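All remarks here apply to the structure that follows.
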There are 2 protein chains.
Amino acid sequence: MGKKKRAWRSGCPLNASVEILGDRWSLLIIRDMMLRGATTFKDFLEGFERIATNVLADRLKRLEQFGVIEKRMDTRDGRKTNYKLTQKGIDLAPVLTEMVLWAAEHEDTENPELVAMMKKDRKGFEAGIREEWERGRGKATMR
Amino acid sequence: MGKKKRAWRSGCPLNASVEILGDRWSLLIIRDMMLRGATTFKDFLEGFERIATNVLADRLKRLEQFGVIEKRMDTRDGRKTNYKLTQKGIDLAPVLTEMVLWAAEHEDTENPELVAMMKKDRKGFEAGIREEWERGRGKATMR
């Protein structure tokens, strides 16, 4: 599979996951790509949680280095950059689903429509995300 | 359900999850409780990733504040403190499973036995963790 050798703190797979994703923002950026169809720097800045410009730039760079997202030139405007999830990035859908369901169960959160959809037909929900992604675009399904 | 009102950055359930768990260490501490039966401060310090004492103290405090773990007096030695997952903490098993499977698929990691077990019988694996937890103890199943 050509996996890269990296200097992990341990060989535990969970450790690799938290080294890549263990911060306040990375999974929110991935969520915005998966569920809100965010592709540009501006799209991410407009997320609900108001990420700071410098933090966003840093996280996008890291996610790209880890092969979770990739940069593409905008086909209509070569000066613009679009971000897209890779296969590796889209494979995070089940991680996101479990984290959403856990918080919805135990914390006072919003967006019950999303949670209900995930609970009712989890596999269908994840398949839908993959389908959208394969069509090369995203649709807003999340507030 | 008596969920606490908190000042989240947004109402999105995923945001609540990353506000609680989004750092390099929290999920590793939970892993050590779930899979290595860690209960004492010393147990956590001996984890594979060599967490620093001050970071560990901070994370344990945060996880306790969020109701993911709880502190108990050692029944044999009242001066000692044990940490235990709450129901909310044990409910993180599916999140951990997905993160392990994702990294095992996409990164060069170790512990193929754990990954094989999760893949072969995911529900059985998670049920086993719950069972161990309900018996009030943990067993080492992870390197």
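Read the figures in this text as sums done on the coordinates, not as results from a lab. Just so it is clear, the structure is predicted and the values come from calculations on it, not from any experiment. Neighbour counts are summed over all protein chains in view; Cβ atoms, including those assigned to glycine, are modelled from backbone coordinates with ideal geometry.
The table that follows gives values for the structure above.
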| quantity | calculated |
| --- | --- |
| HN-Hα J in Hz across region A:77-83 - Karplus 6.51, -1.76, 1.60, θ = phi - 60°, x for Gly and Pro | 9, x, 7, 9, 10, 10, 10 |
| Mean separation of Cα contacts under 8 Å, 6 or more apart, over the residue count of chain A: relative contact order % | 25 percent |
| Per the axis that maps chain B onto chain A, nearest residue of B (Cβ criterion) and its distance in Å | B:E98, 3 |
| Residue exposure sequence - B:S17, B:S10, B:S26 - by fewest surrounding Cβ within 10 Å | B:S10, B:S26, B:S17 |
| Separation of the B:M117 and A:K71 label points, Cα + 7 Å toward Cβ, nm | 4.3 nm |
| Computed [θ] at 222 nm, helices only, for chain B once each DSSP H run of length n ≥ 4 contributes -39500 (n - 2.57) | -15500 deg cm²/dmol |
| For region A:13-134: Kirkwood Rh in Å [reciprocal of mean 1/r, alpha carbons] | 15.2 Å |
| Two-decimal ratio, the protein assembly as shown, of alpha-carbon radius of gyration to 2.2 N^0.38 Å | 1.01 |
| Average projected area [Cα convex hull, region B:83-128], square nanometres | 3.7 nm² |
| Position A:G37, label points 7 Å along Cα→Cβ, spacing to each other copy in nm (shortest first, one decimal) | 5.3 |
| Given A:K119/B:K120; A:K5/B:K61; A:K71/A:K120; B:K61/B:K119, the pairs whose alpha carbons are separated by over 27 Å | A:K5/B:K61; A:K71/A:K120; B:K61/B:K119 |
| Modelled label reach - B:K5, point 7 Å along Cα→Cβ, region A:67-111 residues with backbone N closer than 15 Å | A:108-110 |
